[in-house]
Amino acid sequence: MKALITGGAGFIGSHLAEALLARGDDVTVVDNLSTGQFDNIRGLVGNPRFHFAIETITNETVMDRLVSECDIIYHLAAAVGVELIVTNPVHVIETNIKGSEAVLRIGARYRKKVVLASTSEIYGKSDRVPFREDADRLLGPTTRSRWSYACSKAMDEFLALAYAKQCDLPVVIVRLFNTVGPRQTGRYGMVVPRFVRQAVRNEPLTVYGDGQQTRCFCHVSDVVRAILALADEPAAEGDVFNVGSTEEVTIEALARRTIALAGSSSSIVRVPYEEAYEVGFEDMRRRVPDTTKIRRLVGWEPHIDLDGILASVIASVRDATSPAP
Ligand code: UDP
């Protein structure tokens, strides 16, 4: 198979590229390196089955050629990260909506299967956990920029499903819950890489709000396995799947576990949301996926638990920060 990965130099995209190459597929990455990093794919350069284009996915000419040459598109290019959403909402909305519109339109032109990465953010602040794929969503007002991300990705989902219905385009939507692992940057706000870096440097861990909000963290290798299983399963076409861990943890407990596992002398500091993000920032109290659907269809379950995840991120941060011999 010839795979095209949009956003393939990003955190999840680069792990997906590695997995596809490892099983013998050809991989082309298209990435404008806005949040992705060349370093993430540096190790793949030189593999004769790996190609990359540093290009934006709204470049019609380039995308037309790349899509025509591939068998399947993994559409991961998106502006993500709560901090980025709050500080640069125009970029986030335009990137997510225009990018997916281009990928789906060109994908439909050549009838190439599109696996679209969506997000658990689209459930918003609903408290009806665990979230099922067909659950109602609860979003805050348009004056709170955080919700623009959920809306932009929901539009991507609507558009993908519309192409499936109206143009018979094979699409699979994967709603990724908090995904973590080596190479994830804390630059756009993500909590695990931030906590691990802080712990490794023996700096205070910044817990936002009261720390009682919960999340479920899934290792990127498990997430990539889920994406591949769904992409390979014809019965997944035209449908939406949650992908995530169900091991729920408060952010406060996450901070404590990170400190313990890193053997760190860090303390924990509380940072009010309005200081961390903006005045009136709304967070979700709990976020837990219902993963019945993916389990039933392809038998997927995560293999790595939270301690395993933290150990792997701590090791990778230590590797990256230790001086070369
Ligand atoms: N968070 C935190 N300290 C940080 C970064 C994030 O306490 O330095 C909190 C954040 O407010 C949220 C949770 O950790 O409640 C997860 O944040 P992240 O940005 O990783 O993902 P989200 O689930 O919000 O998309």
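Brief remarks on what is shown
- Which numbered condition Ser126 fails, given (1) surrounded by fewer than 19 Cβ atoms within 10 Å (Cβ to Cβ); (2) among the polar types (S, T, N, Q); (3) within 26 Å of Gly7 (Cα to Cα): (3)
- Restricted to segment 164-177, and to residues there that are touching a helix residue (DSSP H, G or I) at 6+ places or on another chain (Cβ under 8 Å) and surrounded by fewer than 20 Cβ atoms within 10 Å (Cβ to Cβ), the residue that is nearest to Leu84 (Cα to Cα) is Pro170.
- Residue in segment 221-230 that is within 20 Å of Lys125 (Cα to Cα) and either more than 9 Å from the ligand (Cβ to nearest atom) or part of a strand (DSSP E or B) (or both) present: no
- Residue, nearest to Arg187 (Cα to Cα), within segment 84-115, restricted to residues that are modelled with pLDDT of 95 or more, in a helix (DSSP H, G or I) and among the aliphatic types (A, V, I, L, M): Ile97
- Segment 7-35, subset in contact with a Ser or Thr (Cβ under 9 Å, 6 or more places away or on another chain) and of a type in the set (Ser, Thr, Tyr), residue surrounded by the fewest Cβ atoms within 10 Å (Cβ to Cβ): Ser34
The values are calculated or read from the model by the stated rules, or taken from the named source; none is laboratory data. Quick caveat: nothing in here was measured; it's all calculated off a predicted structure. Reconstructed Cβ throughout: ideal geometry from the backbone, glycine too, with neighbour counts over all protein chains shown.
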